[in-house]
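Novice: After the structure tokens below, expect a handful of questions from me.
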2 protein chains.
Amino acid sequence: MFERGTVMVNAAILGFGTVGSGVAEVLRENAEGIARAVGGGIKVKYILDLRDFPESPFGDLVIHDFDLILCDPEVTLVVETIGGARAAYDYTKRCLAAGKSVVTSNKELVAAHGQELLELAGEKGVSYLFEASVGGGIPIIRPMLSSLAGNRIDEVFGILNGTTNFILTGMIEKGRSFEDMLSEAQNLGYAELDPSADVEGYDAARKICILAGLAFGKGVRPEDVSTRGIGGVTLRDVQYAGEFGFRIKLLGRAYALPEGRAAVYVGPHLIPERSPIAGVDGVMNAIVVHGNAVGECMFYGPGAGKLPTASAVVADMMDAVRDAAAPRNAHWEAAGDGYLVDARDIDTGWYIRTSESLSALRAALGVGKIRALREHSGELAILTENFTQRELSAALGDLNIGSMFMVLG
Amino acid sequence: MFERGTVMVNAAILGFGTVGSGVAEVLRENAEGIARAVGGGIKVKYILDLRDFPESPFGDLVIHDFDLILCDPEVTLVVETIGGARAAYDYTKRCLAAGKSVVTSNKELVAAHGQELLELAGEKGVSYLFEASVGGGIPIIRPMLSSLAGNRIDEVFGILNGTTNFILTGMIEKGRSFEDMLSEAQNLGYAELDPSADVEGYDAARKICILAGLAFGKGVRPEDVSTRGIGGVTLRDVQYAGEFGFRIKLLGRAYALPEGRAAVYVGPHLIPERSPIAGVDGVMNAIVVHGNAVGECMFYGPGAGKLPTASAVVADMMDAVRDAAAPRNAHWEAAGDGYLVDARDIDTGWYIRTSESLSALRAALGVGKIRALREHSGELAILTENFTQRELSAALGDLNIGSMFMVLG
């Protein structure tokens, strides 16, 4: 626990959904420890929502008029848990411009407008913090900015989406189909009725953009990131991967390249079974960071959920209070043209599943380019030596390919 | 990266051994990023050592007179990488008393005198930081104090010693003996010629005391912690554990109990193969933290080594600079009598290996108390239901027991 003088901070929560209500609960449940750590306490003065919550113990804090918060000089700290990049964007800008610190779990907003909002916070001398936007409750943003700050970070990658990891884990562990696991995820509330943001990798793309901004100091837009989801991963792929000693995981990945460039992308990868991240199952997330001094670190924990996400939001609120005199904001610049390497030029080993013959594959790829091989009932799975996707596509020509995924390490 | 005004801080390094020289290297190698992040830069003005280092690029910074550092008002930041609790303790107290911030990798000193040194730092308004004292390069201290600060932490445990984990991993993976792996660890420089601090668990005990202080706010002395090393772990135990679906790891563990008490101890544990910490191999370390909001998080990475440890020291130096106006020190109080539960009263499942017969074990432990059972050439290995060690010892009486270890989870 930190020691500090006494302060009492009035906060407002924008959006009383899952995360917003979790924040109110954690602030109440752990009030004593929080007060001791920040030296006074954090009081929720308003909760902004379109709805009323007469049954909630926080129901009488609920208001519907944002201007009450904006114009109340007592409110110096605002939690934005609305989500999306419309109202959340507008409210965040107006709060920061009014000199209020803002804490958020909104990865969509941070990925789309983080640079601008961080600059505005810097101008106004307030905090804009977003620990909860990546990895839910896992401490990752602050450790990258603080505990690993003495490193030049070369690479960051991770299992950034719990829904897709839940689906893949069920396919791997129980041999259940993608469709079956998706509907279970929907029944359990892990996946939306429209699951495309998770399943097609867009959620992971937003998160890897935020991590890339932190790691390399350059903003990357999700729409510029090559993004492939798990829709193409079949049970047969999962089984072949297992036979090769790998597990299939959806990774967001960013690594530094010579001349100040970087590769940033999202896609299914085969990961060696013995690497620590291969054992990250179900809705858990994990982020691996490689720095030039520390080597490889991994941060593991619940990537979503009401209380874990609220844990990260509340930690940011506490940091905003403790750093009020000298806010510690992240900072990234716009990446210039040519900063991102085309994903088709990433040099990597590949997993390929095909109904073509081994001799056809050998002829296409060249002698000695197949590292490992499995065959079942006329179908072939191979692991290749390194190729870029461009080279591989050219070499395979119009051969009939079932699946093709990158291999990590 | 954080934005800040320009500062130039003069630092001194006490002790130019492995970690001290790593700190100088990381500060030089990553000078640009560090300067950008702290807004100015950190310059090493002196290196204190008894020896001279004419071949080192930092050789002309080496001095032999501590008073030069103590009396130089330009030096506001001191790195203590001497180790031990004698000269390091004396120098640290005098630097803090003189109003200089101190950063250390010295777990022995922090475990023995952390409370006093933190209080002194608090009185003088400077930082006393020790990220590198637990888990080497792994960010754990600052995340516990910052990113997880909104939680009530219930439990922290981990693989805190790389040498013993290297030895156990070789026994598990390669079937090599304890003695064989120990001499390999010594040849590789992982273990000291006198390996007792590692092998007998004292190093892990110091680290779990530090983690317990952070987690629960009460200081625990290593000499009060039940500490058992890996000397009693045999190849047969490792094999039986594998057959039961477990791996044997040396854990330091601290968990909160009702009425404000806690259990803190070190010993070999059987860990379920599928838990993330079971896959932490070789010299890597990992720390699991359980908080009431976040649930379970794990921090994984290199637990020792020159540059990883230096990475953590340099991060602390940067935090000391950035927080100079309002230092963020940890804080723990002396634990009263009766705070620690006697390790013999911890209720847990057990692994037992014995040459006694199954009927003798059944008679001793009671019907239905044996969860799993393996038998090879007249030897028996069992997993039990929960017992305290006291209950178990009473029940087993003078039966002949080969090994007896706790089972996690």
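Novice: Which loop-located GluC sites (Glu not before Pro) does segment A:25-56 contain, where loop means any DSSP state but H, G, I, E or B and the Cβ has at most 14 other Cβ atoms within 10 Å?
Specialist: Listed in order of number, the matching sites are A:Glu55.
Novice: Give a residue-ordered list of calculated ³J(HN,Hα) values for segment B:116-124 (Karplus: 6.51 cos²θ - 1.76 cosθ + 1.60, θ = phi - 60°; whole Hz; x for Gly, Pro).
Specialist: Karplus values, whole Hz, x for Gly and Pro: 5, 5, 5, 5, 4, 4, x, 4, 8.
Novice: If you don't mind, another one. Over segment B:197-287, what is the percentage of antiparallel beta bridges among all DSSP beta bridges, to the nearest 5?
Specialist: Percentage antiparallel, nearest 5: 85.
Novice: What number results when the radius of gyration of segment A:347-407, computed over Cα atoms, is divided by 2.2 N^0.38 Å?
Specialist: Relative to the 2.2 N^0.38 Å estimate, segment A:347-407 comes out at 0.98.
Novice: Consider a paramagnetic label point 7 Å from the Cα of B:Leu235 along Cα→Cβ; state which residues of segment B:383-409 have an amide N under 20 Å from it.
Specialist: Counting only backbone N, you get B:402-404.
Novice: By DSSP, what percent of the beta bridges with both residues in the protein assembly as shown are antiparallel, rounded to the nearest 5?
Specialist: 65
Novice: Would you work out the relative contact order for segment B:47-137, in percent, from Cα pairs under 8 angstrom that are 6 or more residues apart?
Specialist: About 23 percent, as a whole number.
Novice: Give me the Debye-computed log₁₀ of I(q)/I(0) at q = 0.12 Å⁻¹ for chain B, equal point scatterers on Cα only, no solvent, two decimals.
Specialist: Here log10 of I(q) over I(0) equals -0.95.
Novice: To the nearest whole number, what is the average tally of beta carbon atoms from other chains within 10 Å of the beta carbons of peptide B:242-252?
Specialist: 0
Novice: Okay, moving on. As I understand it, the value is the acute angle between the Cα axis of helix B:235-244 and the longest principal axis of the Cα atoms of chain B; what does it come to in degrees, rounded to 10?
Specialist: Compared with the principal axis, the helix lies near 80 degrees.
Novice: Identify the residues of segment B:61-97 with backbone N under 17 Å of a label point that sits 7 angstrom from the Cα of B:Met8 along the Cα-to-Cβ direction, or state none.
Specialist: B:73-77
Novice: Would you kindly give the portion of the calculated P(r) for the protein assembly as shown that falls above 46 Å, as a percent of all Cα pairs?
Specialist: Percent of Cα pairs beyond 46 Å in the protein assembly as shown: 25.
Novice: Using the Karplus curve 6.51 cos²θ - 1.76 cosθ + 1.60 with θ = phi - 60°, work out ³J(HN,Hα) for each residue of segment B:61-68 in order, rounded to whole Hz, and write x for Gly and Pro.
Specialist: 8, 6, 10, 10, 10, 4, 4, 4
Novice: How many lysine pairs in chain B, separated by 8 or more positions in sequence or lying on different chains, have Cα atoms less than 16 Å apart?
Specialist: Within chain B, the lysine pair count is 10.
Novice: Would you mind telling me which residue in A:Arg51, A:Arg152, A:Arg94 has the biggest mean-square fluctuation in a Gaussian network model of chain A, where springs connect alpha carbons within a distance under 10 angstrom?
Specialist: Comparing A:Arg51, A:Arg152, A:Arg94 in a Gaussian network model of chain A, the most mobile one is A:Arg51.
Novice: Can you check what the Kirkwood hydrodynamic radius comes to for segment A:237-339, Cα pairs only, in Å to one decimal?
Specialist: With all distinct Cα pairs of segment A:237-339 included, I get 17.1 Å.
Novice: Ok, one more. Given a Förster distance of 22 angstrom, what is the FRET efficiency for A:Ser377 paired with A:Lys174, based on the Cβ-Cβ distance and rounded to 0.05?
Specialist: Rounded to the nearest 0.05, the efficiency is 0.50.
Novice: Running Debye on segment B:250-409 with equal point scatterers at the Cα sites and no solvent, what base-10 log of I(q)/I(0) appears at q = 0.12, 0.20 Å⁻¹?
Specialist: -0.75, -1.34
Novice: 222 nm [θ] for chain B, helices only, -39500 (n - 2.57) per DSSP H run of 4+, per residue, to 500?
Specialist: Taken over chain B, the calculation gives -10500 deg cm²/dmol.
Novice: Counting only C-alpha contacts under 8 Å and six or more residues apart, can you give the relative contact order of segment B:145-302 as a whole percent?
Specialist: 34
Novice: Moving to a separate point now. Which cross-chain or sequence-distant (5 or more) residues have an amide H under 5 Å from the amide H of A:Ile401, H modelled 1.01 Å from N in plane?
Specialist: Those lying under 5 Å, H to H, from A:Ile401: there are none.
Novice: If the viscosity is 1.567 mPa s and the temperature 4 °C, what translational diffusion coefficient in µm²/s does Stokes-Einstein give for segment B:145-302 when Rh comes from Kirkwood over Cα pairs?
Specialist: Rounded to a whole number, D works out at 81 µm²/s.
Novice: Can you figure out the FRET efficiency of A:Ala31 with A:Ser357, using R₀ = 60 Å and their beta-carbon distance, to the nearest 0.05?
Specialist: 0.30
Novice: How far is it, in nm, from the label point at B:Leu399 to the one at A:Glu192 when both lie 7 Å from their Cα along the line to the Cβ?
Specialist: The modelled label-to-label distance comes out at 5.8 nm.
Novice: Hey, can you grab everything whose amide H is under 5 Å from the amide H of B:Thr348? Only 5+ residues off in sequence or another chain; H modelled, so Pro and N-termini drop out.
Specialist: Under 5 Å from the amide H of B:Thr348: B:Phe387, B:Thr388.
Novice: Please turn the phi angles of segment B:153-158 into ³J(HN,Hα) values with the Karplus equation 6.51 cos²θ - 1.76 cosθ + 1.60 (θ = phi - 60°), one per residue in order, whole Hz, x for glycine and proline.
Specialist: Along segment B:153-158, the couplings run 7, 9, 7, 9, 8, x Hz.
Novice: Right, another one. Taking Cα pairs under 8 Å and at least six residues apart, what relative contact order does chain B come out at, in percent?
Specialist: Computed over chain B, the figure is 17 percent.
Novice: Cut-off 10 angstrom, C-alpha nodes, Gaussian network model of chain B. Which of B:Asp90, B:Asp319, B:Asp224 fluctuates the most?
Specialist: Its mean-square fluctuation being the largest, the pick is B:Asp90.
Novice: Helix A:202-216: angle to the longest alpha-carbon principal axis of chain A, degrees 0 to 90, nearest 10?
Specialist: 80
Novice: Once you have the Kirkwood Rh of segment A:276-320 from its Cα pairs, apply Stokes-Einstein at 4 °C and 1.567 mPa s and quote D in µm²/s.
Specialist: D = 106 µm²/s.
Novice: May I pose another question? Compute the long axis of helix A:178-187 from its Cα atoms, compare it with the longest principal axis of the Cα atoms of chain A, and write down the angle in degrees, 0 to 90, nearest 10.
Specialist: 10
Novice: To check you understand DSSP bridge types, tell me what percent of the beta bridges within chain A (both residues inside) are antiparallel, rounded to 5.
Specialist: 65
Novice: Identify which of A:Glu200, A:Glu259, A:Glu80 has the largest mean-square fluctuation in a Gaussian network model of chain A, with springs joining Cα atoms closer than 10 Å.
Specialist: Most flexible of the set in this elastic network: A:Glu259.
Novice: Taking only the alpha-carbon positions of segment A:235-285 and ignoring solvent, what does the Debye formula give for the base-10 log of I(q)/I(0) at q = 0.13, 0.17 Å⁻¹?
Specialist: Listed by q, the Debye log ratios stand at -0.39, -0.61.
Novice: Which of A:Ser377, B:Ser357, A:Ser147, B:Ser21 has the fewest other C-beta atoms within 10 Å, and how do the rest follow up to the most?
Specialist: Fewest to most other Cβ atoms nearby, the residues stand as A:Ser377, B:Ser357, B:Ser21, A:Ser147.
Just so you know, all these numbers are worked out from the coordinates, no wet-lab data involved. All figures in this text were calculated on a predicted structure; none of them were measured in a lab. Here Cβ is always computed from backbone atoms with ideal geometry, including for glycine, and neighbour counts include all displayed protein chains.
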